[in-house]
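Notes follow once the structure below has been shown.
The values are calculated or read from the model by the stated rules, or taken from the named source; none is laboratory data. Quantities reported herein were computed from a predicted structural model and do not represent experimental measurements. Neighbour counts run over all protein chains shown; Cβ positions are idealised from the backbone, glycine included. The accessibility values were calculated without ligands, DNA or RNA, using every heavy atom of the protein model including side chains. Shrake-Rupley method; radii C 1.70, N 1.55, O 1.52, S 1.80 Å.
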Amino acid sequence: MIGDPGYMTTSRLEAFSDGVFAIAFTLLVLEFRPPATNIGLASYLTSLWPSLLAYSISFLLIGLIWANHHSMFVHIRRVDRLLLFLNTMLLADVAFMPFPTQLLARALSLHADVPTAAAFYGLVITIGGLLFNGIWLYAIQRSSLINEKTPERYVHQVKRGFLIGPVSYGLATVLAFVAPTVALVCYAILILYFWLPPRGEASATSG
């Protein structure tokens, strides 16, 4: 921003972030390939369940991150270099998601190293949660970055809500080493749970 080299508005950050999210969504579907022939199509489609499962979880996860990212930047009015860096690291985690998704799908399909694949998947989710928290914690510590209309109560309510994410995903990741199926169910349930809007979000964003 001219005249204020230490800060910039969030518009370019959000536009760039949306582009990365869109690419990550697209890369997830590239795992699927039609068969060479339609003979035995039902059997082929049935065999895709590991890929469809991993795809569904990851699509909902990336969608969740995108939705919460948008909600978060409603309350962040400008950014500095460190916040840009933290956001870039979060996007790196998002862009990486198709890889552990493919590993998980392959492990489920081959019934080989499922605990390792499930734990690695959870590790990537947990790191993303930590980075997401890092953005919010840094922004609220620098009051000049937060929208002055955002209620203080809402700031701390969201802070507590965000912290639940990496802790929950981290516990599920550890569980994956001994009970990978249970861990996958936990990932899915947690993602669906976090799709629920934070209480007070409507009032915080109104006006």
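Read phi for every residue in region 17-33 and hand back ³J(HN,Hα) as whole Hz from Karplus 6.51 cos²θ - 1.76 cosθ + 1.60, θ = phi - 60°, with x for Gly and Pro.
Couplings: 4, 4, x, 5, 4, 4, 5, 4, 4, 5, 5, 4, 7, 5, 5, 8, 10 Hz.
Roughly what angle does helix 152-176 make with the longest principal axis of the chain, taking Cα atoms, 0 to 90 degrees, to the nearest 10?
Helix 152-176 sits roughly 20 degrees off the main axis of the chain.
Multiply the residue separation of Met8 and Leu82 by 0.36 nm, subtract the distance between their alpha-carbon atoms, and state the gained length in nm to one decimal.
Result: 25.5 nm gained on full extension.
Return the carbon/sulfur percentage of the accessible area of the chain, one whole number, probe 1.4 Å, all protein chains in place.
Accessible surface attributable to carbon and sulfur in the chain totals 69 percent.
Give the distance, in whole Å, between the Cα centre of region 1-63 and the Cα centre of region 64-122.
11
Can you list the residues of region 90-126 with backbone N under 20 Å from a point 7 Å past the Cα of Ile23, pointing along Cα to Cβ?
The answer is 90-103, 124-125, whose backbone nitrogens lie closer than 20 Å to the label point.
Taking the Cα centre of the chain as origin and charging only Cβ (+1 Lys, Arg; -1 Asp, Glu), how large is the dipole, in debye to the nearest 20? The partial results should precede the final answer.
Numbers: 12 positive and 10 negative charges, 56 e Å.
So the dipole magnitude of the chain works out to roughly 260 debye.
Need the full-extension length gain, Tyr193 to Phe96, defined as separation in residues times 0.36 nm minus the C-alpha distance. One decimal, nm.
Between Tyr193 and Phe96, full extension yields an extra 32.6 nm.
Which angle between 0 and 90 degrees, to the nearest 10, do you get for helix 114-141 versus the longest principal axis of the chain when only C-alpha atoms count?
In the chain, helix 114-141 runs at an angle near 10 degrees to the longest axis.
Find the accessible area per residue for the chain; the probe is 1.4 Å, ligands and nucleic acids are left out, and the unit is Å². Could the numbers behind the result be given before it?
On the way: 11270 Å² over 207 residues.
On a per-residue basis, 54 Å².
Would you mind computing, in nm to one decimal, how far apart the modelled labels at Met89 and Gln157 are, each placed 7 Å from Cα along Cα→Cβ?
For the pair Met89/Gln157, the computed spacing is 2.9 nm.
Kindly express, to the nearest 10 degrees and within the range 0 to 90, the angle between helix 98-110's C-alpha long axis and the longest C-alpha principal axis of the chain.
Helix 98-110 sits roughly 20 degrees off the main axis of the chain.
Evaluate the distance, in nm, between pseudo-label points positioned 7 Å from the Cα of Arg142 and of His111 along their respective Cα→Cβ axes.
About 5.3 nm separates the two model spin labels.
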